[in-house]
1. Please enumerate the residues belonging to the range A:219-244 that are farther than 12 Å from A:Gly40 by Cβ and of a type in the set (Ser, Thr, Tyr).
2. State which residue pairs qualify: first residue under 12 Å from B:Leu73 (Cβ atoms) and within 11 Å of chain A (Cβ to nearest Cβ) and inside the range B:7-22, second residue of a type in the set (Lys, Arg) and part of a helix (DSSP H, G or I) in any location, beta carbons under 6 Å apart, and separation of 6 or more residues or different chains.
3. If only one of B:His203, B:His189 is under 29 Å from A:Pro241 (Cα atoms), part of a helix (DSSP H, G or I) and at pLDDT 95 or above, which one is it?
4. Just name the residue that is modelled with the lowest pLDDT out of those in the range B:148-186 that are within 30 Å of B:Met214 (Cβ to Cβ) and not in a helix (DSSP H, G or I).
5. Give the residues of the range B:54-88 that are among the small types (Gly, Ala, Ser) and at negative phi, sorted by residue number.
6. Please identify the pairs in which a residue from the range B:112-136 that is among the aromatic types (Phe, Trp, Tyr) has its Cβ atom under 6 Å from the Cβ atom of a residue that is in a helix (DSSP H, G or I), counting only partners at least 6 apart or on another chain.
7. Output the qualifying pairs, or none if there are none: Cβ atoms under 6 angstrom, residues six or more apart or on different chains, first residue in the range B:50-78 and of a type in the set (S, T, N, Q), second residue at pLDDT below 95.
8. Name the helices (runs of 4 or more DSSP H) wholly within the range A:61-159 that hold at least 1 residues that are farther than 20 Å from A:Ala186 by Cα?
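The values are calculated or read from the model by the stated rules, or taken from the named source; none is laboratory data. From a predicted model like this one, the values you see are computed outputs, not experimental measurements. Here Cβ is always computed from backbone atoms with ideal geometry, including for glycine, and neighbour counts include all displayed protein chains.
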Amino acid sequence: MSDIKPKISVSNLNVFYGSKQAIFDINMSINSKEVTAFIGPSGCGKSTLLRCFNRMNDLIDICKINGSIKLDDLEVYSKKIDIVRLRTRVGMVFQKPNPFPKSIYDNVAYGPKIHGLCKDVSELDGIVEKSLQSAGLWEEVKDRLHEPGTGISGGQQQRLCIARAIATNPEVILMDEPCSALDPIATAKVEELIDSLKKNFTIIIVTHNMQQAARVSQKTAFFHLGALIEFGNTDKVFTSPEKEKTSDYITGRFG
Amino acid sequence: MIGSHDHISTSFNNELSNLNESLLEMGRILENMYEKSIIAFDQKSEDASREVILNDKKIDDLETSIINQIQMLIAKRQPMGVDLRVLVGCTRIAGYMERIGDLISSVNKRNIILIEHNIENEKKDIVDLFSSAMKLFKKSLDCFARKDFKLAEVVRKQDLDIDKQYKHFFNELLEKMSNESKLVVPGTHMLFIAKNLERIGDHATNIADSISYMATGEVQAPDRPKISE
């Protein structure tokens, strides 16, 4: 049964890069253990919003935000928050697979090790195996765990990054265009993986591929010029959206 | 086409407009077949009926071409939103039109048999049914050509009149047939003709409902009022 309380609640959120406003007064609730897709043209603010959820925007000096983002009851932008701890709860997978220049094993073991999530080597081995299994990669790499993570195919690298993200047992996984650098088969494997991961994680995915959003998500949010235009059940958004702007975008009529 | 303005891709626009044109062409041929059927029935013309029956092949071919076009559009464009609904709607409309072609063809096959029978007393009722179904069918084509889903409601109401006309004709003819045995053979053919015309009215309504669906996304049209037997 899905939780009634939202996993993430965004209220009156505004984000600025210097004097330029990137996000305008966004309010939305992200359900727990569901896949939510963010779609919209380049520059619409979808990645900016995604990066607010684990404060990746803190790395950009001129980025200022006001409003509220709550992860359960935790105010994400509170001054008291431990950002490192936040990022173990909200993991991230990027557009280009970016494994560490370490072995496959160490890529996955890194997070649990530095966060002290395991008592001994055998427990760590267990986490690595479980994470690689959840990422659908175990069978392909179990005999070469100590080879470099950068030596496997692009699709495998991306699944390795997903295994690395889930190794710290986060609650939310943010995915920023996770398949845009992958071929259709590797994409299908990642989509299959997203589908199985939603049993245990809340997933938010930014994608430019509308069919992908329609395939993997239960909820879809459409953004335009920094505003949330429409947010609803994926089935509805892609067959009969409420707003003309959404309709124009998903049918390729944006001009 | 339904949808606020053009796509960024001009070839997508062209493909949709070709599809639209194919359906309009199908409608024009059916209209022609239908008009000729009324003449064939009224003037007991076997030649006219045979010509209509031959034309049904064109309808079948057009349906095949439309389904191929839609298949290619889905494969190439992976349509969403209103485009997806238009393609689903056009698939259905092509199917209904193909059925109307079959029904017109079947009316003409029976007409050829009826030519040697005396049916003067029943002729007017059938001609009336012909013209009611014709009006309805033309209105559904208008509805498609203009993508005016509000017309769908008008079509739906008129279909009810045809149903009434048909039931009335059916009951009267049945009574005559039970009193007059030489009416059984031509009467049976006339009952089928009347039934086919009534079915054409139903398909015209289905076409109008599909246009409504394309525009609004409501799959289920409200229940149609039915005349009890």
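1. Hits for the range A:219-244 are A:Thr234, A:Thr239, A:Ser240.
2. Close Cβ pairs satisfying both conditions: B:Phe12/B:Arg77.
3. Testing whether each residue is under 29 Å from A:Pro241 (Cα atoms), part of a helix (DSSP H, G or I) and at pLDDT 95 or above leaves just B:His203.
4. Among them, the one singled out is B:Phe149.
5. Just the residues of the range B:54-88 that are among the small types (Gly, Ala, Ser), to begin with: B:65, B:75, B:81.
Matches in the range B:54-88: B:Ser65, B:Ala75.
6. Close Cβ pairs satisfying both conditions: B:Phe130/B:Ile38.
7. As it stands, the answer is B:Gln78/A:Gln211, since those pairs meet every condition given.
8. A:83-89, A:104-114, A:121-134
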